[in-house]
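*Asks:* Got a structure for you, questions after.
The values are calculated or read from the model by the stated rules, or taken from the named source; none is laboratory data. Just so it is clear, the structure is predicted and the values come from calculations on it, not from any experiment. When we count neighbours, we look across all protein chains shown, and the Cβ atoms used for this are built from the backbone with ideal geometry, even at glycine. Note: accessible area is taken over every heavy atom of the protein model, side chains too, but ligands, DNA and RNA are not part of it. Shrake-Rupley method; radii C 1.70, N 1.55, O 1.52, S 1.80 Å.
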Amino acid sequence: QVQLVESGGGLVQPGGSLRLSCAASGIFFNFYAMNWYRQAPGKEREMVARITSAGSTNYADSVRGRFTISRDNAKNMAYLQMNSLKPEDTAVYHCSAKGLNGVEFWGKGTLVTVSS
């Protein structure tokens with residue numbers, strides 16, 4: 001059974017930092033690209049960051065330079081380090097694992113609220 005479990009969300013002041021974690025089980029983690037998406041109330045889901053199985057990364061323009069995605073294949077973990085947070089970063093953040101065959105698995109998400 002595939003499980004992706006996000007953690008690390010919470011309330012943070014503008015300018016602050018959070019580190020999100022995604023624990024994966026039930027997949028051969030090394031073969032999957034790991035992604036972070038977010039969905040704010042009333043808005044469409046958007047891709048925030050992606051890291052391939054080889055470690056290549058890309059980011060949404062809105063977070064480039066502030067967020068860093070990483071992975072630890074030995075621990076089946078993916079991370080999203082978020083710095084210089086802004087109120088517009090408030091959203092539910094989901095991780096996903098996408099295989100070479102296009103099959104994608106999703107976590108339930110963790111809420112990030114950026115507010116003073």
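*Asks:* Does the stretch 40-55 contain any residue that is touching a residue at least 40 places away in the same chain (Cβ under 8 Å), under 11 Å from the mean Cα position of the chain (by Cα) and in a strand (DSSP E or B)?
*Replies:* Within the stretch 40-55 (the criterion being touching a residue at least 40 places away in the same chain (Cβ under 8 Å), under 11 Å from the mean Cα position of the chain (by Cα) and in a strand (DSSP E or B)), the answer is yes, since at least one residue qualifies.
*Asks:* List the residue pairs whose Cβ atoms are under 6 Å apart, where the first residue sits in the stretch 62-80 and is over 14 Å from MET34 (Cβ atoms), the second is open to solvent by 60 Å² or more (accessible area, probe 1.4 Å), and the two are 6 or more positions apart or on different chains.
*Replies:* Pairs found: ARG66/SER84.
*Asks:* Among the residues of the stretch 50-59, are any of a type in the set (A, V, I, L, M, F, W, C), at pLDDT 95 or above and either farther than 17 Å from PHE105 by Cβ or open to solvent by 30 Å² or more (accessible area, probe 1.4 Å) (or both)?
*Replies:* As a first pass, look at the stretch 50-59 and keep what is of a type in the set (A, V, I, L, M, F, W, C): 51, 54.
If we keep only those that are at pLDDT 95 or above too, we end up with 51.
With either farther than 17 Å from PHE105 by Cβ or open to solvent by 30 Å² or more (accessible area, probe 1.4 Å) (or both) added as a condition, the list becomes none.
The answer is no; no qualifying residue exists.
*Asks:* Considering only residues of the stretch 1-19 that are among the polar types (S, T, N, Q) and not in a strand (DSSP E or B), which is nearest to ARG66 (Cα to Cα)?
*Replies:* Selected residue: SER17.
*Asks:* Considering only the stretch 64-81, I want to know if a residue exists there that is exposed (fewer than 13 other Cβ atoms within 10 Å of the Cβ) and hydroxyl-bearing (Ser, Thr, Tyr).
*Replies:* Checking the stretch 64-81: not a single residue is exposed (fewer than 13 other Cβ atoms within 10 Å of the Cβ) and hydroxyl-bearing (Ser, Thr, Tyr).
*Asks:* Name the single residue that is farthest from the chain's Cα centre (by Cα) among those in the stretch 10-33 being under 11 Å from VAL112 (Cα atoms) and open to solvent by 40 Å² or more (accessible area, probe 1.4 Å).
*Replies:* GLN13
*Asks:* Across the stretch 87-115, what is the number of residues that are at pLDDT 95 or above, exposed (fewer than 14 other Cβ atoms within 10 Å of the Cβ) and more than 19 Å from CYS22 (Cα to Cα)?
*Replies:* Looking only at that region, the number is 3.
*Asks:* Given TYR59, TYR37, which one is touching a strand residue (DSSP E or B) at 6+ places or on another chain (Cβ under 8 Å), within 23 Å of ASN83 (Cα to Cα) and free of Cβ contacts under 8 Å to residues at least 12 places away in the same chain? It would help to see each step written out before you state the result.
*Replies:* Details: TYR37 fails: free of Cβ contacts under 8 Å to residues at least 12 places away in the same chain.
Of TYR59, TYR37, the one residue that is touching a strand residue (DSSP E or B) at 6+ places or on another chain (Cβ under 8 Å), within 23 Å of ASN83 (Cα to Cα) and free of Cβ contacts under 8 Å to residues at least 12 places away in the same chain is TYR59.
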